[in-house]
Structures are given as structure tokens and as C-alpha cells.
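Below is one structure; the comments refer to it alone.
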Amino acid sequence: MATRYGVAKSDLLLDPDSTTTDPAVKAAMAETTILTETKMYLTEHGVNLSLLTSSQRNRSDNVIIAKNFPYGTTHDELVLLFGGTEVVKRLLLPPAGTIAFIEFHDAGQSRAAFKRLAYRRFKDHPLYLEKAPKGIFEIEPTTKLSGVEAKKDSKDVLTTESEEPGSTLYVKNLDFATTNTAFTNAFKNFPGFRLAVIKTKPPNSKGERLSMGFGFVTFQSKEMASSVLNAGVILDGRKLEIKFARQGTTEVKTATATKSSSGQKKIAVKNLGFSVSKRDLRELFGYLCFLDGR
């Protein structure tokens, strides 16, 4: 909504001239608008919305629902991501860009795409995929996809393939004011650089995503990542502490966890701030385990 009106998210939520001053009410109104538009778009394009809320357990063999891709992702990027026009029969991306329905020409292509892409990182987000309810499309597509062919060496779609173990570094001691752009610039000239992401907290009341003081950098191979470990990278006046992501993950856990025997699946996390929510913890530990290959 902020992009649509050409304003900052904080202005959208905290505009004193608005008839509604409560940010929660404004957020709810914006969400309702987006949901209504999305439902209208999907209905117009032949999606049976009632199946999304029904208890039907039968799932489609050739239609996948994709979520959690970054805002601004285009239709063509998603077609490329899922295999190009030779594989994708139809792809619906509502104007808000929060969800996509992908229909494949056959079930085998759908299974292969699901296995290859589920929870893989696309740009800086892990993809969430689910099989759509059977019969989700009530009509056949009226137009044929064209002009988007899959390219194995395409750089428009970032790192969705399986990464080599040990190719991701855990970087801490970041200044809380350091931006993701500056973080990327600090590593992009190293051989094999692929992606750099600063871990942030969920948006606050002003719409700001504050840094958590650490991030992750991914390279093409473990050897290329190793060359950065002792490079002495300095960013915004701070010497960065760099370790392999597995080591970084272990450090975060052991620094806050009780000792547990091998094979146990639970850890105790202490010293949490009062504002920390379940969502914060799921996001933090889920992302660490995702980079760790678990």
C-alpha cells in the first residue's frame, strides 16, 4: 500500500492528518483492501476460492501455491523460477504480489519443482510451497505463456539451487546502523560471492526493520567462503567477526541453551527481552537452521 501511494510505510501508519490515527486500524484496513483485491483477481481468473477454506484433503497433482517470496517479485521471475514456459502452463500473480498459483503441464514437472524449491531461498526469502486443493481452477487458461524461457545460467533469479555445505558464513559485530547495501558492498568483491543478508527484527510501529547485529554471506563454494574468514573485513568502523554458519548457529545456541545429550531436539533459551514474541524466535532459529541445511 505504501508503494502504491508513493509514501513511506511510517507515513501510511502514522499520518496525523488521517481520519484514523490508530496504526493497528490502518494496518487492518490496508490488509482488508489487499485481501479483497486478491480475491477478486483470483475469482476473475478461474480460482475456486471456496476450496481454500474447505476441509478437502485431496490435493492437485499439478498446481502449487507459492508464498513468502519478496515483495516486488515479477510474474516473469516466478515463471523462470518454476521452470519456464516449457514447464509452467499457467501462473497467477495478483497485483499485491503476496501469493502465486502455478499450474504445470504435467504432474511430474510439478513434483520436481516442489521438491527442488520448497524452503529454498529465493533472493533473501525461503519459499513456502503447498499443493493446491484438487480442482482449484474452474476454467482453462485463456492465453498461453510466452516469452519466458528457462535459463540455467540466469542471474535474474538468485540462488534457488542447493548450496554446498559450508558455503555460508555467519557474520557478527555489525553496527546496528549498518545497511544491507553496505553489508553487501563489503563482501561483493570476494570471489564467488552470491548473497549477503543482515538479520532484522519484524517491523516496529514505524514500519522500520531494525538490525539484530549479525548477518549471513553465501558463496559459491566452501573454499571461496574460507578465503574470507581471515580477511579482516572492517565495516562502519567495526572489525567483523566471521565464522562458518554452522559454527555461528552452534554458538548462538550454546550461548543461551542448557546442555543436552546428543540427539535431543529441544533447547532452553534464556535472557530474552520482554518484547520478544514466538514469531521472533521462530524466524530467528528457523532462518539459522535453514542456512545450516537442516
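Structure values in brief
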read-out: Inter-label distance, nm, simple model (7 Å from Cα along the C-beta direction), L52/K243; value: 4.3 nm
read-out: Listed pairs K222/K265; K172/K201; K188/K222; K67/K131; K39/K123; K172/K199 exceeding 18 Å between Cα atoms; value: K222/K265; K39/K123
read-out: In order through the range 193-199: 3J(HN,Hα) via Karplus (6.51 cos²θ - 1.76 cosθ + 1.60), integer Hz, x for Gly, Pro; value: 4, 10, 7, 10, 9, 8, 6
read-out: Sequence-distant residues sharing a close amide H with F122 (under 5 Å, placed H); value: L127
read-out: Contour excess over end-to-end distance, with Cα ends at N230 and H75 and 0.36 nm allotted per residue; value: 51.7 nm
read-out: At R0 = 25 Å, FRET efficiency that the Cβ-Cβ distance of T181 and L35 yields, to 0.05; value: 0.20
read-out: Shape of the range 31-114, Cα gyration tensor, a/c cut at 1.5; value: oblate
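Only the coordinates and a few stated rules stand behind these numbers; no lab work does. What you see is a predicted model; the values in this text were computed from it and never measured. Ideal geometry is used to build each Cβ from the backbone, glycine not excepted, and the neighbour counts take in all protein chains shown.
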